[in-house]
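The values are calculated or read from the model by the stated rules, or taken from the named source; none is laboratory data. These numbers come from a predicted model, not from an experiment. Cβ: placed from backbone, ideal geometry, glycine included. Neighbour counts: every protein chain shown. These area figures cover heavy atoms from the full protein model, side chains too; ligands, DNA and RNA do not enter into them. Shrake-Rupley method; radii C 1.70, N 1.55, O 1.52, S 1.80 Å.
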Amino acid sequence: MKKKAFRAAAPYTLPICAGFLFLGMSYGFLMKSKGFSFIYPMMMSLVIFAGSMEFVTVNLLLAAFHPLHAFLLTLMVNARHLFYGISMLEKYKNMGWKKPYLIYGMCDESFSVNCTADPPPDVDRGWFMLFVTLLNHIYWVTGSVLGALLGYAVHFDTTGIEFVMTALFLVMFIDQWEKTKNHKPALAGLGCSAVCLAVFGSGNFILPSMASIILCLLAGKKRNREETEEKEW
Amino acid sequence: MVTTIQKILTIAVVAAGTMLTRFLPFIIFPEGKTPPAYIAYLGKVLPYAVIGMLVVYCLKDSFSSGHYAIPEAIAAVFIVILHKWKKNTLLSIGAGTALYMFLVQNYFR
């Protein structure tokens, strides 16, 4: 049963394997170039297992200690997981001991495979989803460690390597932009943050950005509803 | 200077925050409870907005201090064009970062 589920799950994770090894390595290498031992990226990839937040955490670790700010920023950056969870309430039902790990390891990629993949009917779904999650977790930790170890072996000027995070988010932004016709949420995110950055400065703009984004989005929802109601009239 | 204990605490706080976002729905909505409409709505739109915020977060220092603003702008435009053209995530990230590193190491020291 396990073998069959593993064979069904592994092909789904291959593209993720390539992506996670590359991104994980960039992350590990970045951490090493900022002076952290490979233990840091290894442990962070193991326990946090949320790629974009781990990149953001590099900055948090280099800046002054501010746990509340770190916590709130984490909630905001990872708020999307709330909605993954809501989508997976049904699928993760009755999974017994596997359920806590399935939820623990629910990164974007594990979610997208487990949410959309249709394993053959004779494959056990619980084991299938467990292997998808576990394989992704392994790829990510392996990538981070390899990247950090590479940082010990290779010595070249790494000035500017931190731009890998900007590049990552920029690419995610473009991908999301092209997936939808409604660009208002994306523009609200950019706009509110840019205004808050201008008003509050680079040290203090995240919290007001988060608050104004949520207000903007909720106001947008209300207006949308009123518009559709008017049309119905 | 941030101590090791503080670093470990920060990592623990980030891990706890991440886990809270992953486990909360399963705690609030056990067995067949339907989430309210505005939660479902935020679930649809928030991911788009947050990535926008993260882009600004990454560029915050060049916005405010002007340091490296030109190479960041060049590399960002390059990534947008390359990604629209090739639609290859790893290529866009790899080439964009390489270009930025080349620029700051050779022309914008």
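Miscellaneous remarks
- Just one residue in the set B:Thr89, B:Thr97 is touching an Asp or Glu at 6+ places or on another chain (Cβ under 8 Å) and within 7 Å of chain A (Cβ to nearest Cβ); that residue is B:Thr89.
- Of all residues in region A:47-63 being more than 7 Å from chain B (Cβ to nearest Cβ) and assigned to a loop (DSSP other than H, G, I, E, B), the one that is nearest to the chain's Cα centre (by Cα): A:Phe49
- Top-ranked residue of region A:193-233 - restricted to ones that are more than 22 Å from the chain's Cα centre (by Cα) and of a type in the set (Phe, Trp, Tyr), ranked as modelled with the highest pLDDT: A:Phe200
- Qualifying residue in region A:158-171 (condition: farther than 21 Å from A:Leu60 by Cβ, modelled with pLDDT under 90 and crowded, with 19+ Cβ neighbours inside 10 Å): yes
- Looking only at region A:10-51, residues that are open to solvent by less than 50 Å² (accessible area, probe 1.4 Å), farther than 16 Å from A:Gly147 by Cβ and at pLDDT below 90 come to 2 in all.
- Test: residue in region A:70-81 that is over 16 Å from the mean Cα position of the chain (by Cα) and either more than 7 Å from chain B (Cβ to nearest Cβ) or open to solvent by 10 Å² or more (accessible area, probe 1.4 Å) (or both): no
- Residue check, B:Met101 closer than 30 Å to A:Leu82 by Cα and of a type in the set (A, V, I, L, M, F, W, C): no
- Region A:126-157, residues that are open to solvent by 10 Å² or more (accessible area, probe 1.4 Å) and among the hydroxyl-bearing types (Ser, Thr, Tyr): A:Tyr139, A:Thr142, A:Tyr152
- Within region A:78-95, tally of residues that are farther than 20 Å from B:Ala37 by Cβ and either of a type in the set (D, E, K, R) or not assigned by TED's automatic domain parsing to the domain that holds A:Arg125 (or both): 2
- For A:Thr74: the one exception among (1) at pLDDT 90 or above; (2) in a helix (DSSP H, G or I); (3) closer than 17 Å to A:Gly147 by Cα: (3)
- Test: residue in region A:89-101 that is aliphatic (A, V, I, L, M), surrounded by fewer than 20 Cβ atoms within 10 Å (Cβ to Cβ) and at the interface with chain B (Cβ under 7 Å from one of its Cβ atoms): yes
- Some residue of region A:111-123 being within 14 Å of chain B (Cβ to nearest Cβ), among the polar types (S, T, N, Q) and either open to solvent by 50 Å² or more (accessible area, probe 1.4 Å) or more than 27 Å from A:Val77 (Cβ to Cβ) (or both): yes
- Single condition A:Asn204 does not satisfy, out of (1) more than 7 Å from every other protein chain (Cβ to nearest Cβ); (2) under 19 Å from B:Val80 (Cβ atoms): (2)
- Residue in region A:179-186 that is β-branched (Val, Ile, Thr), open to solvent by 20 Å² or more (accessible area, probe 1.4 Å) and more than 8 Å from chain B (Cβ to nearest Cβ) present: no
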